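The values are calculated or read from the model by the stated rules, or taken from the named source; none is laboratory data. Only a predicted model underlies this, so the values are computations on that prediction, with no experimental measurement involved. For neighbour counting, all protein chains shown are included, and Cβ atoms are generated from backbone atoms with ideal geometry for every residue, glycine included. Quick note on the areas: whole protein, heavy atoms, side chains included, nothing else; ligands and nucleic acids left out. Shrake-Rupley method; radii C 1.70, N 1.55, O 1.52, S 1.80 Å.
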Amino acid sequence: MLYRNFNSYNFGLQSRDMLKAATNALKSSSESFSTIATQTERFSLFANWLKENHAIKDMRWIEKSHLVEYAEHLLKKVEQGNLAIATAHNRLSAVNKVLETARADREVWVAPGDYLPERSGIASTNRAPTADLLDKQKDHLRNQPNGERLQLILDLGKHFGLRFEESAKLNARTAKEQAENKGYIRVLDGTKGGRARLIPIESRHQLAVLRKATELQDNHRSLIPADQTYAEFRNAAYKSIQNAPMRGFHGTRHGYAQSRYQQITGAICPVKAGITHGTAHYRFLSEKLGISVNEAKTLDKEARLQVAQELGHGRIEVTNAYLG
């Protein structure tokens, strides 16, 4: 048995090196040599990410907010097509295993399924927040640092489908002018690969959000406070929501995708209808809209392509994680 002082470096796991400490933790849990090697390799990716983004080298300073942020980082790579869903699940599970063993508790632990797409890639659980849950999230943020800005980031996700980084870096003043004069906004800063995309203005709620964001932005060029870098703002934001009712900021993008699908097709998407993706939903669309199954299939594809583009994805398959 490994006797240790939990108040010492890396919880007393006999090394100041985080990876060696992780290996020692896994050894104490009687894992096989192959499992220890695999889990340590996966944990090393998290350790490198921690060092680069938070300058953390001691397990004692890892908080749940860091795991939530890392989960969002993995999600972004999945959506970009740079990481398999199963691989993302395995990486986050390895982090959970190491920290649970090192800490001897689950205080710093997240369920991969709460943040990452289902392993099949097709959503069977609706991740779009209800209006009540979104209100509770905003109430939680109200008294947090930069709470009003974080509330607006939720609204930008809900009404424009923007990622956290895209929302934070959006020049609301420019976007408001585009919305009022052109009927769309152009999103560039913080996008995948720096590729611009256009988001159509379809409701007065979108204009209201942009006006409020413009007021809060004041003379600055984004929602990032003038005295903070983007990294500082992001890190503080994820710390603010570690005990919030709603996990992360990504759920509002699900709501946007589902709302746009319904606007385009005139019917709700599979995950919202509680219907299996594919043939069963084509039949549902056919009956709901009074069209043939083939026409329903074509309409579904066209809607998914449009939603994918507005979310900033090049692959229509990604919409399965949002729409079912």
Total residues in the stretch 51-66, condition part of a helix (DSSP H, G or I) and either under 10 Å from Leu99 (Cα atoms) or touching a strand residue (DSSP E or B) at 6+ places or on another chain (Cβ under 6 Å) (or both): 2
Scan of the stretch 229-241 for residues that are touching a helix residue (DSSP H, G or I) at 6+ places or on another chain (Cβ under 8 Å) and open to solvent by 50 Å² or more (accessible area, probe 1.4 Å), ordered by number: Lys239
Enumeration of residues in the stretch 281-293 that are in contact with a helix residue (DSSP H, G or I) (Cβ under 8 Å, 6 or more places away or on another chain) and in a helix (DSSP H, G or I): His281, Tyr282, Arg283, Phe284, Leu285, Ser286, Leu289, Val293
Residue in the stretch 40-50 that is of a type in the set (Ser, Thr, Tyr), part of a helix (DSSP H, G or I) and more than 26 Å from the chain's Cα centre (by Cα) present: no
Selected residue (criterion: farthest from the chain's Cα centre (by Cα)) from residues of the stretch 205-241 that are under 30 Å from Ala55 (Cβ atoms) and β-branched (Val, Ile, Thr): Thr229
Residue within the stretch 106-121 that is within 19 Å of Tyr322 (Cα to Cα), open to solvent by less than 40 Å² (accessible area, probe 1.4 Å), of a type in the set (A, V, I, L, M, F, W, C) and not in a helix (DSSP H, G or I) present: yes
Candidate set: the stretch 305-320, residues that are open to solvent by 20 Å² or more (accessible area, probe 1.4 Å) and assigned to a helix (DSSP H, G or I); chosen: the one nearest to Glu166 (Cα to Cα): Gln309
Top-ranked residue in the stretch 1-22 [being part of a helix (DSSP H, G or I) and open to solvent by less than 30 Å² (accessible area, probe 1.4 Å); ranked as farthest from Leu99 (Cα to Cα)]: Gly12
So Ala25, is it within 21 Å of Tyr9 (Cβ to Cβ) and modelled with pLDDT of 95 or more: no
Test: residue in the stretch 194-203 that is within 24 Å of Asn53 (Cα to Cα) and of a type outside the set (Val, Ile, Thr): yes
Breaking point among (1) in a helix (DSSP H, G or I); (2) under 23 Å from Leu188 (Cα atoms), for Phe249: (1)
Any hit, the stretch 269-281, residues being in contact (Cβ under 8 Å) with a residue 60 or more places away in the chain and either within 29 Å of Val108 (Cβ to Cβ) or open to solvent by 60 Å² or more (accessible area, probe 1.4 Å) (or both): yes
Residue satisfying all of: in the stretch 138-154; part of a helix (DSSP H, G or I) and without any contact (Cβ under 8 Å) to a residue 60 or more places away in the chain; least open to solvent (accessible area, probe 1.4 Å) among these: Gln151
Considering residues of the stretch 242-268 that are among the aliphatic types (A, V, I, L, M) and more than 20 Å from the chain's Cα centre (by Cα) only, the residue least open to solvent (accessible area, probe 1.4 Å): Ala267
Check on Gly157, closer than 17 Å to Leu74 by Cα and under 18 Å from the mean Cα position of the chain (by Cα): no
Within the stretch 159-218, helices (runs of 4 or more DSSP H) holding 3 or more residues that are open to solvent by 40 Å² or more (accessible area, probe 1.4 Å): 172-182, 204-217
Test for Glu302: is it exposed (fewer than 15 other Cβ atoms within 10 Å of the Cβ), touching a residue at least 12 places away in the same chain (Cβ under 8 Å) and assigned to a helix (DSSP H, G or I): yes
Residue in the stretch 25-43 that is surrounded by the most Cβ atoms within 10 Å (Cβ to Cβ), counting only those that are closer than 10 Å to Val98 by Cβ and of a type in the set (S, T, N, Q): Gln39
Among (1) at pLDDT below 95; (2) within 14 Å of Pro200 (Cα to Cα), the one test that Glu177 misses: (1)
